[in-house]
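What follows is a single structure, written as structure tokens, with notes after it.
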Amino acid sequence: MCRHLAYLGPALPLARLLFDAPHSLERQSYAPKDMRAGGTVNVDGYGVGWFPGPVRYRRAGTLWSDANLRQLATTEASAFLAAVRSATVGMPVADAACAPFTDGTWLFSHNGRVDGWPHTVAGLAKTLDVTDLLTMDAPTDSALLWAVLRRRLETGKNPDQVLVELVREVADAAPKSRLNFLLTNGKVLVGTTWTHALWVLVQGQSVTLASEPLDDDPGWREIPDRHVVTAAPSTVEVRPL
Ligand code: GLN
């Protein structure tokens, strides 16, 4: 399964979490500690999006071999979302298949897979406008979930509610799916756990969500499975899905 993280708080260089932390996202790409039988490494792609913006950069390949990303990662951001990808078997390895997905307001990442793809979610795909379907970033489960989600977010509904409904809907249609989401608009972070780990760390005015703790800070708390977490620097709310 992919690894992802999101940060919200006082501006800091992207590199702090992507490269400098002891168990940085770079390290989690080649030496993840908790893949739960979903692959062994995350070397098919990577991406990061940050605020103010969002500005998004994503590539197929290995995160550690991209010298341009090292330069970009000196950027200071008050919120960002980053991911490394282990492509689900049968899904294309391409820049556009990498998280974060964005519509210019939100950044989204999916760690997991839709079981029985694509048949199990053909009904969900049918709810999309034909144009949205034809302009999906890539023919992957994550890109479809994003295509559906972005339209639902436009309705102005609470983002945590929208994520919860999508998890339930996909889990009903494809019960063995793994639906671990991260979403941010630069003001709030929302995450779900559905068969995979997510950790939260609050430090002063900052909050970080990550598939694996980035260091040995005793403040990291694990979000229980099948929960949704909504985090802003001063509040972290965790509730069952
Ligand atoms: N299924 C998604 C993809 O192939 C996510 C993969 C993952 O979480 N390992 O891109």
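Every read-out reported here was derived from the displayed coordinates using simple, explicitly stated rules and does not represent laboratory data. Computed from a predicted structure; not experimentally measured. Neighbour counts are summed over all protein chains in view; Cβ atoms, including those assigned to glycine, are modelled from backbone coordinates with ideal geometry.
Angle, helix 159-173 long axis vs. longest principal axis of the chain, Cα atoms, 0 to 90°, nearest 10? Around 50 degrees separate the two axes.
Output the relative contact order of the chain, whole-number percent, from Cα pairs under 8 angstrom with separation of 6+ residues. Can you show the working numbers first?
Numbers: 541 pairs, mean separation 53.7, N = 241.
Once normalised by length, the contact order is 22 percent.
The Cβ shell under 9 Å around Gly47 holds other residues with a net charge of +3, Lys and Arg each +1, Asp and Glu each -1.
The alpha carbon centroids of the stretch 205-241 and the stretch 1-76 are separated by 18 Å. Spin-label model, Val238 to Asp66: label points 7 Å out along the Cα-to-beta-carbon direction sit 3.0 nm apart. Converting phi to 3J(HN,Hα) with the Karplus coefficients 6.51, -1.76 and 1.60 and the offset θ = phi - 60°, the stretch 193-199 yields 10, 8, 5, 8, 6, 8, 10 Hz in sequence order, with x at every glycine or proline. Take each peptide in 229-236, 143-150, count the other Cβ atoms within 10 Å of every residue, and average; sorted highest first, the result is 143-150, 229-236.
Between Glu154 and Glu222, how many nm apart are label points set 7 Å from Cα along the C-beta direction? Each label point is offset 7 Å from its Cα along the Cβ direction, giving 4.0 nm.
If you wrap a convex hull around the C-alpha atoms of the stretch 22-120 and split its volume per residue, what is the figure in Å³? Please report the intermediate quantities before stating the final value.
Values: hull volume 11.2 nm³, N = 99.
Measuring per residue, one finds 113 Å³ for the Cα hull of the stretch 22-120.
Using only Cα atoms, find the angle between the long axis of helix 141-154 and the longest principal axis of the chain, and express it within 0 to 90 degrees, rounded to the nearest 10. Value to nearest ten degrees: 90.
Over the chain, consider all pairs of different Cα atoms and compute the Kirkwood hydrodynamic radius from their mean reciprocal separation; express it in Å, one decimal.
17.5 Å
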